[in-house]
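What follows is a short report on a single structure.
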Amino acid sequence: MNTRVDEIADGIFRLSTFVPEVAAPAGFTFNQFLILGDEPLLFHTGPRRMFPLVREAVGRLMPPEHLRWISFGHVEADECGAMNEWLAIAPHALVAHGETAVSVSLNDLADRTPRMLRDGEVIALGGGKRVRYLDTPHTPHAWEAAVVYEESTGTLLCGDLFTQVGEGPALVSGDIVGPAVAAEDLFRYSSLNPNMGTTIRSLAGLSPRTLGLMHGPAFSGDGSTALRALADDYDRRAQLREVDADHAEAA
Ligand SMILES: [Fe+2]
Ligand SMILES: [Fe+2]
């Protein structure tokens, strides 16, 4: 296994490791995103066992011990399994996440006291980079779920949203909604809930120009349209579930 590194927006790098055994035969990518600045931020750490690969990949871009911020979509191994390995090698690094993740899990799991972020709070990384933290509870899964948006480049790091299988180019401009719908059909990984469409549609209001997918390529283009189409698909799924529940009740 090796980790490829590609710049997907000015100063924002996608570190991508393809694992053929996951979701075989298509395989599956695990991506982290490094935003460079005076206070560099890593979004997703990768699982613990991937730490040597991710550390080496970060080392191609900056000294890993200079990492300042560690954030991620939610508390799962591929999102944050290696956070304590990072805290151990980067003495000024802090985990940054929302109130739910910090109070429920990270105050206990993280080896250094995390920085708690309010919904909508911005961390200025220096070098013009500004990262806005946004709560997306239960979307696509986990109570503490969140995304981050880098304002200067219009880059939304959208975690497990738009998950797709397979290995493709680092950056695409074609359809990412069809492959995401297919992966949802395959994995059923989302916590379908009545607010899901609304939550995803609210991200469309950011008008992102680049989307960083945790499992899939990055997307360059009209992020709003892609987010609205994904929201529509989840609304459709939620309605289908309601109809199923009504039928079960009537039976
Ligand atoms: Fe996840
Ligand atoms: Fe993930």
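The values are calculated or read from the model by the stated rules, or taken from the named source; none is laboratory data. The structure presented is a predicted model; accordingly, all values stated were derived computationally and were not measured. With ideal geometry, Cβ positions are generated from the backbone for all residues, glycine too; neighbour counts draw on all protein chains shown.
Quick notes
- Residue identified as aliphatic (A, V, I, L, M), surrounded by 19 or more Cβ atoms within 10 Å (Cβ to Cβ) and assigned to a strand (DSSP E or B) among Leu156, Leu161: Leu156
- Ala180 being within 22 Å of Ser71 (Cα to Cα), within 16 Å of ligand 1 (Cβ to nearest atom), in contact (Cβ under 8 Å) with a residue 12 or more places away in the chain and not in a strand (DSSP E or B): no
- Yes/no for Ser173 being in contact with a strand residue (DSSP E or B) (Cβ under 8 Å, 6 or more places away or on another chain) and polar (S, T, N, Q): yes
- Residue match in the range 108-115 (condition: assigned to a loop (DSSP other than H, G, I, E, B) and at positive phi): no
- Positions within the range 59-80 being among the charged types (D, E, K, R), within 16 Å of ligand 1 (Cβ to nearest atom) and either more than 21 Å from Asp6 (Cα to Cα) or surrounded by fewer than 18 Cβ atoms within 10 Å (Cβ to Cβ) (or both), in sequence order: Glu76
Condition check ((1) buried (at least 16 other Cβ atoms within 10 Å of the Cβ); (2) of a type in the set (Val, Ile, Thr); (3) modelled with pLDDT under 95) across all residues:
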{"site": "Ala183", "(1), (2), (3)": "yes, no, no"}
{"site": "Pro194", "(1), (2), (3)": "no, no, yes"}
{"site": "Arg201", "(1), (2), (3)": "yes, no, no"}
{"site": "Pro208", "(1), (2), (3)": "yes, no, no"}
{"site": "Leu227", "(1), (2), (3)": "yes, no, no"}
{"site": "Asp232", "(1), (2), (3)": "no, no, no"}
{"site": "Asp246", "(1), (2), (3)": "no, no, yes"}
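- Single unsatisfied condition, Leu134 versus (1) away from ligand 1 (no atom under 15 Å from the Cβ); (2) part of a helix (DSSP H, G or I); (3) within 17 Å of the chain's Cα centre (by Cα): (2)
- Residue identified as within 16 Å of ligand 2 (Cβ to nearest atom) and of a type in the set (Val, Ile, Thr) among Ile89, Ile70, Ile123: Ile70
- Given (1) touching a residue at least 40 places away in the same chain (Cβ under 8 Å); (2) over 19 Å from Asp6 (Cα atoms), index of the condition Leu213 fails: (2)
- Looking across the range 38-53, the residues that are crowded, with 22+ Cβ neighbours inside 10 Å and over 12 Å from Cys80 (Cα atoms) come down to Pro40, Leu41.
- When the range 27-52 is limited to residues that are away from ligand 2 (no atom under 16 Å from the Cβ) and in contact (Cβ under 8 Å) with a residue 40 or more places away in the chain, the one that is farthest from the chain's Cα centre (by Cα) turns out to be Asp38.
- Flag for Tyr149 being among the hydroxyl-bearing types (Ser, Thr, Tyr), within 16 Å of ligand 2 (Cβ to nearest atom) and either free of Cβ contacts under 8 Å to residues at least 60 places away in the same chain or closer than 26 Å to Ile123 by Cα (or both): no
- Selection of first residues in the range 228-239 that are within 19 Å of His141 (Cβ to Cβ) and of second residues that are not β-branched (Val, Ile, Thr) and not in a helix (DSSP H, G or I), restricted to Cβ pairs under 6 Å at least 6 apart or on distinct chains, gives the following pairs, ordered by first then second residue: Arg237/Leu192; Ala238/Leu192; Ala238/Pro194.
- Flag if Asn2 is under 22 Å from Gly168 (Cα atoms), away from ligand 2 (no atom under 16 Å from the Cβ), of a type in the set (S, T, N, Q) and touching a Leu at 6+ places or on another chain (Cβ under 9 Å): yes
- Looking across the range 1-52, the residues that are within 16 Å of ligand 1 (Cβ to nearest atom), part of a strand (DSSP E or B), farther than 29 Å from Gly126 by Cβ and not hydroxyl-bearing (Ser, Thr, Tyr) come down to Val19, Phe28.
- The single condition from (1) buried (at least 18 other Cβ atoms within 10 Å of the Cβ); (2) assigned to a loop (DSSP other than H, G, I, E, B); (3) at negative phi that Glu167 fails is (1).
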